[in-house]
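Q: This is the structure, below, for whatever I ask next.
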Amino acid sequence: MIVTRAEDFLEAARSNFPAADLPATARAAFMVSPLGFSLAAESASDNRYMDLDDAPDPARALAEHAELARRLSADIPVVTFPGDPAAPDGVFPNNAFATIPGRLIVGRMRHAVRQRETERADIRGWFADLLGREIVDLSRQALVAELTGALVIDRARGIGYCGLSERCDMAGARAMHEAFKLRLTYCFELAPGEYHTNVVLAILAGRAAIIAASGFRDRAAAEAIASVHPSAALWISEQQKNAFAANAIAISANRAWMSQRAADSLTPEQRNLLHSNQFEVAAVELGEIEKAGGSLRCCVAELF
């Protein structure tokens, strides 16, 4: 089922809300190193979190990324593919590649500079030839679908929260609903200037939500999502959103990963809410990588 109105989502939640009977967190993850990392002007055209005048230091970005991979490996196995200088912001693979059991999903990126990522034969071959996964390829379809950048998934319930913007249209939302075999997808418009849902919303292991109401065109959409996590909805401010506090991920049942900048923005009360829902906050310095308009969650492509 795909719904586009808050009242329809709330009705689904009241009458036929999916049970949390699916794996809530990934079995492994893959990342793409910031080798050849730089700011892509094309990507910056609709990413308010990028400043082309603030170029990242490539060596520091590599060090940050390596430390992130090392830290995440405490929770799950992590594989890192080399970066490609022809895809300078390919450090955010979760927009281009995503998985469900037995399947690799390849997204349809809006910008040509990012479409190059989806053609990578090494990543496609690793999944198809080594892991034996079916490839569902959206990359050549007449739509825009930037996967788990645009679509935040409650994996435990099979619910997708899809923010419509220049990076995802309704055709893309429908294609992702089918590709991810979702039980329910709620589509809503992001606020003007927002490019990805995972900057304004995180669902942590199906148990908690981090929500930036300012990132939604209609606050009713944010409140509808919060209503299904009544004791575990963490509302963040515009300033905290801009610090990437919603660009977080739980890759194990009891740890919420975010950048150091994001973690530093949280109040004691917000940390206590996460702790009361059995989440430790784990933070990694990503200041150079964040100059490319994404943060920790964007760096992590999950393997289910």
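Q: Peptides 77-90, 6-19: what's the order by average Cβ count within 10 Å, highest mean first?
A: Details: 77-90: 17.9, 6-19: 14.7.
In descending order of packing, they fall as 77-90, 6-19.
Q: Find out how many positive minus negative residues lie around ARG261, taking Lys and Arg as positive, Asp and Glu as negative, among other residues whose Cβ is under 10 Å from that of ARG261.
A: Around ARG261, the charge tally is -3.
Q: Based on Cα coordinates alone, diagonalise the gyration tensor for the chain, multiply each eigenvalue by 5, take square roots, and list the semi-axes in whole Å, largest first.
A: On the way: eigenvalues 133, 99, 74 Å².
Calculated on Cα positions only, the semi-axes equal 26, 22, 19 Å.
Q: Along the positive direction of the dipole of the chain (beta-carbon charges: Lys, Arg +1; Asp, Glu -1; about the Cα centre), which of MET1, ILE153, LEU273 reaches farthest?
A: About the Cα centre, the residue reaching furthest to the positive side is MET1.
Q: Right, next: At 7 Å along the Cα-to-beta-carbon direction for both ASP129 and ARG103, put a label point, then send me their distance in nm to one decimal.
A: 2.4
Q: Can I ask one more? If you place +1 on the Cβ of every Lys and Arg, -1 on the Cβ of every Asp and Glu, and leave all else neutral, what size is the dipole of the chain about its Cα centre, to the nearest 20 Debye? If you can, show how the numbers build up before the last one.
A: Values: 31 positive and 38 negative charges, 162 e Å.
With only Lys, Arg, Asp and Glu charged at Cβ, the dipole is about 780 debye.
Q: May I pose another question? With labels modelled as points extended 7 Å from the Cα through the Cβ direction, what inter-label distance (nm, one decimal) is found for GLN239 paired with ALA66?
A: Rounded to a tenth, the inter-label distance reads 3.6 nm.
Q: Listed highest first by mean packing, meaning other Cβ atoms within 10 Å per residue, what order do 204-212, 126-134, 284-292 come in? Each step should come with its number before you reach the end.
A: Values: 204-212: 23.7, 126-134: 13.1, 284-292: 22.0.
Going by the mean number of other Cβ atoms within 10 Å, highest first, we get 204-212, 284-292, 126-134.
Q: Right, something else. Once amide H atoms are built 1.01 Å from N in the peptide plane, which residues 5 or more positions from ILE135, or in another chain, come under 5 Å H to H?
A: Amide H neighbours of ILE135: LEU104.
Q: Over the chain, what is the relative contact order in whole percent, taking alpha-carbon pairs under 8 Å and six or more residues apart?
A: Working: 685 pairs, mean separation 72.4, N = 304.
Reported relative contact order: 24 percent.
Q: Suppose the chain between ASN254 and GLU285 were pulled fully straight at 0.36 nm per residue; how much longer would it get relative to their current alpha carbon spacing? Could the numbers behind the result be given before it?
A: Numbers: separation 31, 0.36 × 31 = 11.16 nm, distance 2.02 nm.
Using 0.36 nm per residue and subtracting the Cα-Cα distance, I get 9.1 nm.
Q: Using just the helices of the chain, give the 222 nm mean residue ellipticity in deg cm²/dmol: DSSP H runs with n ≥ 4 each add -39,500 (n - 2.57), and the total is spread over all residues, rounded to 500.
A: Values: 12 runs with 86 residues, N = 304.
Calculated from helices alone, the mean residue ellipticity at 222 nm is -7000 deg cm²/dmol.
Q: Sticking with this one: What is the magnitude of the charge dipole of region 47-190 about its Cα centre, with +1 placed on the Cβ of each Lys and Arg, -1 on the Cβ of each Asp and Glu, and no other charges, expressed in debye to the nearest 20? Can you show the working numbers first?
A: Values: 19 positive and 21 negative charges, 130 e Å.
That gives a dipole near 620 debye.
Q: What whole number of Å gives the distance from the Cα centroid of region 73-108 to the Cα centroid of region 175-254?
A: 21
Q: Would you give the gap between the C-alpha center of region 23-37 and the C-alpha center of region 258-275, rounded to a whole Å?
A: Region 23-37 and region 258-275 have Cα centres spaced 23 Å from each other.
Q: While we're looking at this one, here's another question. In region 125-277, what percentage of the DSSP-assigned beta bridges are antiparallel, given to the nearest 5? Spell out each step's value before the answer.
A: Numbers: 13 of 22 bridges.
About 60 percent, rounded to the nearest 5.
Q: Any idea how far apart GLN141 and ILE76 come out in nm if each label point goes 7 Å out from Cα toward Cβ?
A: 2.3
The numbers here are math on the coordinates, done by the rules we state, and not lab data. In this text the structure is predicted, and so the values were computed from the model without any measurement. When we count neighbours, we look across all protein chains shown, and the Cβ atoms used for this are built from the backbone with ideal geometry, even at glycine.
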